[in-house]
Every structure is written in structure tokens, then in C-alpha cells.
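*Asks:* Sharing a structure here in C-alpha cells format.
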Amino acid sequence: MSAILNPRVPEGPLAEKWTRRKNEMKLVAPNNKRKYKVLIVGTGLGGASAAASLAEMGYEVESFCFQDSPRRAHSIAAQGGINAAKNYQNDGDSVYRLFYDTVKGGDFRSREANVYRLAQVSTQIIDQCVAQGVPFAREYGGMLANRSFGGAQVSRTFYARGATGQQLLLGAYQALSRQIAAGRIKLHERTEMVDLVLEDGKAKGIIVRDLVTGELTAHAGDAVVLATGGYGNVFYLSTYARGSNATAIWRAYKRGAALANPCFTQIHPTCIPVTGDYQSKLTLMSESLRNDGRMWVPKKQHDSRPPAQIPEDERDYFMERMYPSYGNLAPRDIASRAAKRVCDEGRGVGPNGLGVYLDFADVVKRIGEEGVREKYANLFQMYNEITHEDAYKAPMRIYPAIHYTMGGLWVDYQLMSNVPGLFVVGEANFSDHGANRLGASALMQGLADGYFVLPYTLGDYLAGEKPGSRPKADAASFQTAHKESAARIERLLSIGGKKPVSEFHRELGKILWHYCGMARNDAGLRKALELIPQLRAEFWRDALVPGTGAELNQSLEKANRIADFLELGELLCRDALTRAESCGCHFREEFQEEGECKRNDADYAHVAAWTYNGEGQEPTRNVEPLTYENIKLATRSYK
Amino acid sequence: MNFTLKVWRQKNADASGAFETYEAKDINPNMSFLEMLDVVNDDLTKRGIPPIAFDHDCREGICGTCSLVLNGDPHGPTQGTTTCQVYMRSFQDGDVIVVEPWRVGAFPVLRDLVTDRSAFDRIIQAGGYVSVRTGQAPEANGAPIPHRMAEAAFDAAHCIGCGACAAACKNGSPMLFVAAKVAHLNSLPQGQPERGERVLGMVRALDAEGFGSCTHTTACEAVCPKEIPYDLIVRLNREFLAASAQEAVTPHGHAGGAAG
């Protein structure tokens with residue numbers, strides 16, 4: 001094990017680890033809690049739930065988001081649902097099964113103890129959200145309803161039509177708002193973190209930029225929590241909100257935090273296909289649609305007949321053929337690659353052949369259009385708005401797209417990075433999902449971290465820090481970081497080139513999608529590692545960033561984030577090149593067996609966490625071995 | 001397709017604004033309105049003109065960030081959608097499109113088309129929540145909620161807090177936003193204990209922020225991207241009256257419970 005990565009997993013049987021750790025953890029006395037200040041960056045499910053919980057407990061909290069309101073965080077866009085091992089359907093679900101499905105879904109590249117804890121607290125999350133007034137779907141008798149998601153043979157997904165993320169986020173946002181009103185949280189909206197400040201090796205503050213005035217300010221705290229989401233926008237076209245970015249975790253990386261498994265990027269199989277070069281965004285169609293929708297393509301290549309004119313026996317229901325036991329509900333990485341394969345064979349549908357059908361004809365026949373409307377109305381409406389097509393009448397056309405990053409800052413069992421005092425929750429950390437995330441698990445992790453894990457583990461850390469000992473925000477370390485941030489902004493504004501920054505972003509995205517997307521290989525990754533530094537050099541030579549730093553300047557915001565993506569993209573490819581195996585969403589073409597991932601557990605059953613060595617230096621690859629005490633490493637099969 | 005855009009430009013909150021005219025050329029009809037603005041902005045940038053600032057984020061109609069008035073319509077010509085889901089095929093080739101920010105006194109313009117809607121956050125802070133602490137919530141199926149009630153609560157809870165209701169209202173009233181949150185929480189068993197305080201708190205916060213009053217023209221319902229029904233405002237008023245009456249008779253107590 002690398003010296004810097006100590007996962008601090010508690011001893012003892014798996015099912016008792018979390019209880020045991022909670023009992024061992026140091027407590028902060030109630031009258032001392034208010035003497036500690038916690039800085040929380042990001043207000044999505046992880047950040048808002050953490051801020052609300054910590055403020056309720058009595059800590060002083062400052063909350064930061066780049067949006068105009070915490071309610072806009074991208075968690076709001078999650079559609080399908082949130083998993084929990086409630087076994088309300090009496091179909092044999094249990095904490096162990098949720099744990100097992102999640103580890104298997106992640107292709108045995110996640111830390112057992114973390115995943116078990118996630119499954120354990122999942123049941124409490126539903127209780128908490130219902131108490132907040134989240135209007136989950138209900139059966140006619142008033143009990144909570146469930147539906148199925150990929151990678152599971154039980155029905156454990158709780159949902160609020162196709163807007164589950166919105167409803168859960170509003171629940172957390174309302175809890176946060178209550179604490180703001182009570183004066184326990186100070187909120188900074190339209191404020192972006194631009195650097196992390198360390199004192200004696202511990203995270204003690206941040207530098208932020210006010211996106212309206214451009215003012216840079218320093219904030220000191222006893223601990224810093226990053227809840228800033230994923231970095232999938234490094235690919236340019238993705239299902240992420242346009243503002244989602246890597247800046248906070250990237251600056252933390254440059255200050256010493258390890259970045260784990262950056263190449264593990266989830267591609268979601270059911271997105272609306274790309275239609276043009278101008279496109280800024282890909283829109284997801286919830287995985288829940290695969291409960292009822294059947295994926296197919298014509299058996300013949302380049303069959304351009306409209307779907308209704310293709311008879312049953314000339315259709316290939318490829319998911320049902322390839323994965324008979326899970327069928328259309330195979331996990332996302334599997335379904336994405338299957339879609340890519342049939343399109344590569346020349347059987348894709350739609351204008352550019354990059355699409356497959358998701359067909360609802362059978363379910364419409366079974367429960368009628370009205371029945372389908374009740375289950376999926378807003379999704380069908382959204383599809384109609386974007387494509388101008390009616391999916392009640394003709395099948396949807398879908399294609400895989402970048403959707404979630406399993407990689408992120410490395411954290412131990414306490415959710416603390418290798419930088420003491422720097423905690424990372426939700427998608428911003430690497431934990432829990434391994435090499436692939438199962439559907440309805442992102443919401444679960446965000447809320448588990450924020451409501452039920454961090455409030456305990458952060459207290460344990462703070463109990464070791466002297467109350468009232470945090471530095472002043474004008475300490476030397478803050479002044480240095482402040483000056484460096486100002487210099488970086490000045491440098492961006494003074495490049496004086498000719499090319500708008502969005503063009504660099506699009507080019508970076510194409511390189512990454514092409515060489516490090518659904519499939520990667522040695523030669524392609526080496527090529528990307530040549531192209532990205534060239535593009536980065538061109539950016540710093542020829543980018544055109546108009547305006548000044550002392551105003552609302554959206555071009556500058558973008559430029560600042562793209563500059564980070566141009567560095568992160570390179571690390572992503574480096575990570576993919578080094579991992580000479582296929583696992584989950586990381587599909588190295590050299591390592592496959594009948595088109596499926598071929599893992600190499602002897603050499604790669606570990607987390608790879610990279611640490612920064614300075615500009616122009618190769619980063620160090622640190623390794624945390626993954627030991628499976630309770631699960632036998634098996635070949636993942638959904639056949 | 002080609003368009004002429006008349007866009008509101010305003011350097012900052014203190015500056016006075018004016019319309020500027022720009023041409024949008026060779027626009028693909030499948031572009032969203034915001035993607036068209038991206039193209040125009042890259043062109044303006046290259047020509048040394050400051051790009052147009054506008055608010056947007058998820059670009060899939062759910063975050064509530066985008067907020068443009070197109071030819072006088074908040075969120076543009078398409079029914080039941082946000083600006084980010086308006087596509088250029090909704091316009092005719094050669095159209096002149098007037099692009100403005102939300103025009104609401106309580107939403108000051110920060111720059112160009114970007115407004116400050118933090119007043120909505122302060123209204124939520126005044127009671128738009130259930131007071132529950134983390135960690136010890138009762139078993140979720142302990143209190144059954146009939147299907148119909150859960151669905152009705154969702155219909156109201158689906159408000160995205162964009163502010164179009166206020167932008168469409170001649171009085172700049174966001175009553176639909178407040179009504180949606182009150183209907184969501186007050187119709188569920190979890191919301192009952194704070195029922196009265198919630199409605200009093202939120203309506204008074206609305207007044208304190210300087211929004212206008214509702215005069216029931218239903219303009220809000222017509223533009224709401226989530227089609228929140230105007231009826232909820234009627235329910236809000238009834239709840240407000242009942243809670244006010246209760247507060248009057250029990251001035252030191254809680255204005256909970258009895259409404260409607």
C-alpha cells in the first residue's frame with residue numbers, strides 16, 4: 001500500500017464495521033460545536049444535506065455554490081430514482097443484496113466496507129426524505145411504490161415520477177434553507193471556489209470568486225468539504241449541466257489531494273442521440289424506461305425503413321438476445337457497449353446511424369397510452385420537445401452519452417482525503433461505485449454521505465482540532481493563495497488570442513470521446529496524450545477571453561474551468577493507459593473475452609490514486625489494494 | 001434559418017440598459033434557443049463585442065435557471081417549457097426576436113439577461129420546509145399517504161422556482177410559486193404541524209421582498225413551464241385567511257392546523 005493512502009477501514013465483521021466505528025469516534029461537546037466553522041462547497045444532494053445536518057448539530061457552516069440558488073445544483077436533473085434496501089416488495093431484497101449488486105455492478109473495483117455502509121444507511125434515507133415531505137410515488141393503499149433499475153433483480157428503486165432528483169434536492173434545499181433562516185448557515189451563491197488553502201498540511205480554507213463582482217475573497221474554517229459533483233463536462237458533450245466543472249477538485253489535487261480512478265467514466269445507454277455540431281448538451285432518458293421499453297435494431301445493415309415497416313422477425317432485440325436473464329435491464333456499461341456494437345456493425349438507426357430504438361409498443365398495448373403516461377409522462381414530453389417525435393407512437397431513438405464520473409478525489413472510510421481536514425462527498429469523491437455505477441445509486445450516495453456519514457466522521461476529525469484555533473483569513477498562506485488566484489485570472493484575460501474558449505472545449509471533448517470513450521486502446525490513448533498537451537499549449541497561446549475580472553464575465557468563468565479540464569483530460573487518459581485491463585465502464589479493447597470486459601484481478605484489484613508533482617512533472621500513481629473479505633471475486637455475468 | 005435579435009444589454013445592476021440588434025445567420029432549426037445564443041456569442045466575441053450574458057445550466061428544463069422573455073413571453077412561444085427547451089423550429093425564418101430578462105422589480109438585473117432571484121430563496125427560508133432533524137425520522141411506511149394525495153403533492157412540488165410566474169404578472173406577483181410550495185407541503189401529513197406558520201411566513205416574506213399582489217389574471221398559469229395550475233392560488237388564499245384568523249384569536253400560540 002502506498003504510504004499516503006490509508007483507507008482506515010474498521011476491523012471486525014462487515015455488518016458491524018460502521019456501528020463499531022461510530023461508537024469509537026470522538027465527540028465534540030455541544031458548547032464547543034459552535035466554535036468550529038465548516039466550509040462546504042457545493043449545494044447538491046451531498047453538499048446541501050451535509051450543510052443542513054452539520055448546522056442542526058450546532059456547527060457554524062458556510063455554504064458556497066456557483067449557481068444563483070442552491071436549488072439549481074445538478075442533482076436536480078436526476079430522473080429515475082433512489083435505491084434502498086427496504087424490501088417493501090417482499091421480493092427478497094436485503095442490505096446484503098444491495099451491497100452485493102453494487103459491488104458486482106462496479107465490477108469489483110470498489111471498497112467493500114464503504115459499499116456495505118451505503119446499503120445499510122439507504123433505508124434511513126427514505127425515512128428521512130419522506131419526513132421532509134418528498135412526494136415519492138405511492139401505491140393505492142398509501143404505501144411507497146418501487147420500480148426496477150438495471151443491474152438488479154429486485155424492485156428497490158423509490159421514485160417521484162421522472163423527477164426524483166428534483167424532489168430529493170428540494171428536500172435537502174429546504175432543510176438547508178431552514179438553517180439559513182435560523183442563522184446557522186451563511187450562504188454564498190454565485191460564488192466559485194478557485195483554490196484550497198492549507199496550513200501545516202491541513203485544509204483550513206478556500207479562495208472564492210464572486211461571480212457578479214469578480215471579487216476574490218479568502219475564507220478560513222476548521223475543515224473544508226467539497227461536494228462539487230463530477231467532471232464529465234471534460235468531454236464537452238454530456239448529460240451534465242453546462243456549469244458542472246472540475247475546478248474545486250482539480251485545485252485540491254494541485255494542493256496535494258490524490259485523485260482516484262479518473263478514467264472510470266460512466267456512459268449512459270439511453271440518451272437522445274447527437275444531431276449536430278452546434279449541440280451543447282445531451283439529454284438523458286431515464287433508465288427506468290428500460291423496465292418497459294425494449295431495445296432493438298434492424299437485423300439488416302443500413303435498413304432505412306421506418307420502424308413500423310420493419311416486421312418482427314427482421315428485428316434484433318439485442319439486449320434480450322445477448323443477456324437473457326437481465327435483458328433490457330442489464331447495467332449501463334453493458335447496455336452502452338451493446339448499443340455501440342450493433343451500431344458499429346452498421347445496424348444503427350437515425351440520420352447518422354448512431355442510434356438504437358427503445359420501443360414502447362408492447363407496454364402501450366398492455367396498459368394503454370394512459371397507463372404509460374402515468375409512469376413516464378414527463379420523460380415522453382421531454383423527448384418530444386427535443387426531437388419533435390411522439391414516443392407513444394414510434395420508438396424513441398437513443399444512444400449512449402457521458403453521464404457520471406466514478407473517479408474523483410480519493411477518500412478514506414471517513415470520507416476524508418489524504419489532506420487532513422479536506423472531506424469529499426457525493427460524486428466528487430471516488431468511493432462506492434467502483435468501475436461502474438448502477439442506476440439510482442448516485443442519489444443514494446449523495447444523501448448517504450451528507451446526511452448519515454459525514455456528520456459523524458467530520459465530528460471525529462474536529463474533536464482532534466483545538467476549538468478556536470483556525471487561522472485568520474489574512475494569514476500568510478491565504479494571502480499567497482489569493483495572489484496566485486488573481487494572477488491566474490489576469491493571465492487568462494491577457495492571452496489575447498483569437499479563438500473563443502468554447503472551441504477549445506469542443507476539441508478536447510472530441511479527443512476524449514474518440515480515444516478514451518466507450519472503448520480505449522493503447523495506441524489511441526498514447527495519441528490522446530500527445531494531442532491534449534498540444535491543445536493546452538494552443539489554449540494558453542491563442543484563447544480569446546474578453547472583458548475584465550471585475551465584473552460578471554461568463555467567458556472568464558468558462559475559460560477558467562476549461563483550463564482545468566485541459567489538464568484533467570490528460571490525467572484521465574494516463575490513468576486509462578496504465579490500467580491494462582477492462583473493468584466496468586473502462587473497456588480496453590486489448591482485454592476482452594467475447595466482447596465482454598476481461599478483468600485482471602491479480603494486477604489491478606486496486607484503486608489508482610494520482611498525486612501531483614508540479615507543472616510538467618509526471619504525477620505519481622499510488623495504489624490502494626482492494627481486499628474482498630466477504631465477496632468472492634467473480635466474472636461479472638448478466639447473461 | 002436567419003433571425004434578427006433585439007437583445008437587452010445592461011452592463012451591471014447600476015447601469016441603464018438598451019436594446020442592441022444582432023443578426024443570427026445559418027441557424028439550424030433543431031438548435032435550442034440557447035444554443036443559437038452560444039453561436040451568436042462566439043461570433044460577437046470574435047468581433048470584439050462583449051458576449052450576451054444569460055442564465056442557464058441544466059439545459060433540460062428542470063433546474064429553473066434559464067429565464068428569457070422572448071417576444072414578450074417568459075420562456076418563449078412554446079407551452080409548458082423552459083427557455084432551454086425552446087427550439088428554433090418554433091420560429092419563422094427571418095423573424096425578429098426580442099430578447100429580454102425577467103422584468104420584475106424584486107429581481108434586479110445583474111447584467112444583460114441575468115437577474116437576481118434570491119428573493120425566492122428568502123421566501124422558502126420563511127417557512128417552505130418541514131422542520132425535521134437528520135437521523136431519527138420514523139419508518140417511511142408508518143404513515144400511509146393515499147396515491148391521489150401523493151400525486152397531487154407532486155404536481156405542486158414540481159415547481160422549478162424559475163420566476164416566470166412573476167415575470168408574466170402585470171403586478172410582478174410570484175403567488176404561483178408560493179402557492180405551489182404551500183400546496184405541496186400543506187397537503188401532506190408531514191406538513192400539517194407548521195401549516196399555518198408556513199403560509200403566513202411565506203406570504204409575508206413575499207410582501208417584504210417587494211413583489212406585487214395577485215389579482216387573479218391567471219397570466220402565471222399560462223406561462224408556467226411546469227403547468228402548475230392557478231387553482232393552487234385560490235387554495236393559498238383560503239389557507240392564508242384561515243391561518244390569519246387563527247393567529248388573531250391565539251396571538252401567542254401557533255397558527256397551525258385548522259385551515260381548510
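The values are calculated or read from the model by the stated rules, or taken from the named source; none is laboratory data. As the structure is a prediction and not an experimental result, all values here were calculated from the model. All Cβ positions, even for glycine, are placed from backbone atoms using ideal geometry, and neighbour counts span all protein chains on display. All accessible areas refer to the heavy atoms of the entire protein, side chains included, with ligands and DNA or RNA removed. Shrake-Rupley method; radii C 1.70, N 1.55, O 1.52, S 1.80 Å.
*Asks:* Of a type outside the set (A, V, I, L, M), open to solvent by less than 50 Å² (accessible area, probe 1.4 Å) and away from chain A (no Cβ under 11 Å): which single residue out of B:T21, B:T45, B:T65, B:T4 fits that description? Let's see the steps before the verdict.
*Replies:* Values: B:T21 fails: open to solvent by less than 50 Å² (accessible area, probe 1.4 Å); B:T45 fails: away from chain A (no Cβ under 11 Å); B:T65 fails: away from chain A (no Cβ under 11 Å).
The conditions single out B:T4.
*Asks:* Another question, then. Can you tell me which of (1) among the β-branched types (V, I, T); (2) free of Cβ contacts under 8 Å to residues at least 40 places away in the same chain; (3) part of a helix (DSSP H, G or I) is the one A:T102 doesn't meet?
*Replies:* Result: A:T102 passes all but (2).
*Asks:* Do any residues in the range A:406-428 that are more than 18 Å from A:A608 (Cβ to Cβ) and in a strand (DSSP E or B) have Cβ atoms under 6 Å from those of residues that are aromatic (F, W, Y) and open to solvent by less than 10 Å² (accessible area, probe 1.4 Å), where the two are at least six apart or on different chains, and which pairs are they?
*Replies:* Pairs found: A:M416/A:F423.
*Asks:* Next question, about the same structure. Considering only residues that are farther than 26 Å from A:N378 by Cβ, of a type in the set (A, V, I, L, M, F, W, C) and more than 7 Å from chain A (Cβ to nearest Cβ), which ones fall in the range B:111-125?
*Replies:* B:L113, B:A119
*Asks:* Confirm whether A:A163 is more than 30 Å from A:K17 (Cβ to Cβ) and crowded, with 24+ Cβ neighbours inside 10 Å.
*Replies:* Numbers: more than 30 Å from A:K17 (Cβ to Cβ): yes; crowded, with 24+ Cβ neighbours inside 10 Å: yes.
Yes, satisfied.
*Asks:* Write out, first by first residue and then by second, each pair whose Cβ atoms fall under 8 Å of each other, whose residues are 6+ apart or on separate chains, and whose first residue, in the range A:243-256, is under 18 Å from A:G426 (Cβ atoms) while the second is among the hydrophobic types (A, V, I, L, M, F, W, C) and in a helix (DSSP H, G or I).
*Replies:* A:N245/A:F565; A:A246/A:V234; A:A246/A:F565; A:A246/A:L568; A:A248/A:A428; A:I249/A:A428; A:W250/A:L568
*Asks:* Now for a different question. Give me a count of the residues in the range A:246-299 that are crowded, with 24+ Cβ neighbours inside 10 Å, within 14 Å of another protein chain (Cβ to nearest Cβ) and either farther than 16 Å from A:M382 by Cα or small (G, A, S) (or both).
*Replies:* 2
*Asks:* Turning to a different aspect of this structure: I'd like the residue in the range A:14-50 that is outside any helix (DSSP H, G or I) and open to solvent by 70 Å² or more (accessible area, probe 1.4 Å) and, out of all such residues, is nearest to the other protein chains (Cβ to nearest Cβ). First the steps, then the outcome.
*Replies:* Residues of the range A:14-50 outside any helix (DSSP H, G or I): A:25-29, A:34-44.
Checking the rest, the ones that are also open to solvent by 70 Å² or more (accessible area, probe 1.4 Å) come to A:26-27, A:34-35.
Details: A:K26: 18, A:L27: 14, A:R34: 17, A:K35: 21 Å.
Ranking the qualifying residues of the range A:14-50, first place goes to A:L27.
*Asks:* Would you mind finding the one in A:A172, A:A137 that is among the aliphatic types (A, V, I, L, M) and in contact with a strand residue (DSSP E or B) (Cβ under 8 Å, 6 or more places away or on another chain)? First the steps, then the outcome.
*Replies:* Numbers: A:A172 fails: in contact with a strand residue (DSSP E or B) (Cβ under 8 Å, 6 or more places away or on another chain).
Answer to the check: A:A137.
*Asks:* Let me ask something else. Suppose we filter B:P77, B:P108, B:P146 for residues that are within 12 Å of another protein chain (Cβ to nearest Cβ), open to solvent by 10 Å² or more (accessible area, probe 1.4 Å), within 28 Å of B:T4 (Cα to Cα) and at pLDDT 95 or above; which single one remains? Steps first, please.
*Replies:* On the way: B:P77 fails: within 12 Å of another protein chain (Cβ to nearest Cβ); B:P146 fails: within 28 Å of B:T4 (Cα to Cα).
Checking each option against the conditions leaves just B:P108.
*Asks:* With the checklist (1) under 29 Å from B:F107 (Cα atoms); (2) open to solvent by 20 Å² or more (accessible area, probe 1.4 Å); (3) within 11 Å of chain A (Cβ to nearest Cβ) in hand, flag the one item B:R133 doesn't pass.
*Replies:* With (1) under 29 Å from B:F107 (Cα atoms); (2) open to solvent by 20 Å² or more (accessible area, probe 1.4 Å); (3) within 11 Å of chain A (Cβ to nearest Cβ) applied to B:R133, the lone miss is (1).
For (1) more than 8 Å from every other protein chain (Cβ to nearest Cβ); (2) touching a helix residue (DSSP H, G or I) at 6+ places or on another chain (Cβ under 6 Å); (3) open to solvent by 20 Å² or more (accessible area, probe 1.4 Å), each residue gets a yes or a no:
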| position | (1), (2), (3) |
| --- | --- |
| B:N12 | no, no, yes |
| B:P50 | no, no, yes |
| B:G61 | no, yes, no |
| B:G72 | yes, no, yes |
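*Asks:* Every residue in the range B:125-155 that is closer than 30 Å to B:P77 by Cα and free of Cβ contacts under 8 Å to residues at least 60 places away in the same chain, please. Let's see the steps before the verdict.
*Replies:* Taking the range B:125-155 first, the residues closer than 30 Å to B:P77 by Cα are B:151-155.
B:E151, B:A152, B:A153, B:F154 - these are the residues of the range B:125-155 that are closer than 30 Å to B:P77 by Cα and free of Cβ contacts under 8 Å to residues at least 60 places away in the same chain.
*Asks:* Still on this model: Go through the residues of the range A:606-627 one by one and say whether even a single one is at pLDDT below 95, in contact with a helix residue (DSSP H, G or I) (Cβ under 8 Å, 6 or more places away or on another chain) and open to solvent by 60 Å² or more (accessible area, probe 1.4 Å).
*Replies:* Checked against the condition, which is being at pLDDT below 95, in contact with a helix residue (DSSP H, G or I) (Cβ under 8 Å, 6 or more places away or on another chain) and open to solvent by 60 Å² or more (accessible area, probe 1.4 Å), the range A:606-627 yields at least one hit.
*Asks:* Also, I was wondering about something else. Could you check how many residues of the range A:455-479 are open to solvent by less than 40 Å² (accessible area, probe 1.4 Å) and under 23 Å from A:A50 (Cβ atoms)? Explain how you work it out, then say what you get.
*Replies:* Going through the range A:455-479, the residues open to solvent by less than 40 Å² (accessible area, probe 1.4 Å) turn out to be A:455, A:457-463, A:465, A:471, A:475, A:477-478.
Checking which are under 23 Å from A:A50 (Cβ atoms) leaves us with A:455, A:457-463, A:465, A:471.
So the answer is 10.
*Asks:* Give just the number: which of (1) more than 10 Å from every other protein chain (Cβ to nearest Cβ); (2) closer than 22 Å to A:R332 by Cα does A:A78 not satisfy?
*Replies:* (1) is the only condition that A:A78 fails.
*Asks:* Working only within the range A:51-60, note down all residues that are under 23 Å from A:Y413 (Cβ atoms) and open to solvent by 10 Å² or more (accessible area, probe 1.4 Å).
*Replies:* A:M57 - this is the single residue of the range A:51-60 that is under 23 Å from A:Y413 (Cβ atoms) and open to solvent by 10 Å² or more (accessible area, probe 1.4 Å).
*Asks:* Find the residue count for the range A:81-110, including only residues that are under 18 Å from A:S288 (Cα atoms), open to solvent by 20 Å² or more (accessible area, probe 1.4 Å) and within 14 Å of chain B (Cβ to nearest Cβ).
*Replies:* 1
Results for (1) in a loop (DSSP other than H, G, I, E, B); (2) touching a residue at least 12 places away in the same chain (Cβ under 8 Å); (3) closer than 30 Å to A:Y173 by Cβ; (4) open to solvent by less than 10 Å² (accessible area, probe 1.4 Å), shown as yes or no for each residue.
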site: A:A448; (1), (2), (3), (4): no, yes, yes, yes
site: A:H482; (1), (2), (3), (4): no, yes, no, no
site: A:I495; (1), (2), (3), (4): yes, yes, no, no
site: A:Y515; (1), (2), (3), (4): no, yes, no, no
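*Asks:* For the range B:151-189, which positions are at the interface with chain A (Cβ under 8 Å from one of its Cβ atoms) and either crowded, with 22+ Cβ neighbours inside 10 Å or in a loop (DSSP other than H, G, I, E, B) (or both)?
*Replies:* B:A153, B:A157, B:H158, B:I160, B:G161, B:H184, B:L185, B:L188
*Asks:* Could you grab me the full set of residues in the range A:421-466 that are aliphatic (A, V, I, L, M) and under 30 Å from A:L289 (Cβ atoms)? Spell out how you get there, then give the answer.
*Replies:* Restricting attention to the range A:421-466, the residues satisfying the condition of being aliphatic (A, V, I, L, M) are A:422, A:424-425, A:428, A:435, A:438, A:440, A:442-444, A:447-448, A:453-454, A:458, A:462-463.
Selection gives A:V425, A:A428, A:A435, A:L438, A:A440, A:A442, A:L443, A:M444, A:L447, A:A448.
*Asks:* Going by what's in this entry, would B:V39 be described as within 28 Å of A:K498 (Cα to Cα), open to solvent by 10 Å² or more (accessible area, probe 1.4 Å) and either touching a residue at least 60 places away in the same chain (Cβ under 8 Å) or touching a Phe, Trp or Tyr at 6+ places or on another chain (Cβ under 9 Å) (or both)? So that I can check it myself, show each step before the final result.
*Replies:* On the way: within 28 Å of A:K498 (Cα to Cα): yes; open to solvent by 10 Å² or more (accessible area, probe 1.4 Å): yes; either touching a residue at least 60 places away in the same chain (Cβ under 8 Å) or touching a Phe, Trp or Tyr at 6+ places or on another chain (Cβ under 9 Å) (or both): yes.
Judged against the criteria, B:V39 is a match.
*Asks:* Quick check: is even one residue across the range A:564-585 within 14 Å of chain B (Cβ to nearest Cβ) and assigned to a helix (DSSP H, G or I)?
*Replies:* First, the residues of the range A:564-585 that are within 14 Å of chain B (Cβ to nearest Cβ): none.
No, every residue in the range A:564-585 fails to be within 14 Å of chain B (Cβ to nearest Cβ) and assigned to a helix (DSSP H, G or I).
*Asks:* Is it true that some residue in the range B:113-121 is out of contact with any strand residue (DSSP E or B) (no Cβ under 6 Å at 6 or more places or on another chain), farther than 26 Å from A:F66 by Cα and open to solvent by less than 10 Å² (accessible area, probe 1.4 Å)?
*Replies:* Pass one, the range B:113-121, residues out of contact with any strand residue (DSSP E or B) (no Cβ under 6 Å at 6 or more places or on another chain): B:113-114, B:117-121.
After this cut, where a residue has to be farther than 26 Å from A:F66 by Cα as well, the list is none.
No, because not a single residue in the range B:113-121 is out of contact with any strand residue (DSSP E or B) (no Cβ under 6 Å at 6 or more places or on another chain), farther than 26 Å from A:F66 by Cα and open to solvent by less than 10 Å² (accessible area, probe 1.4 Å).
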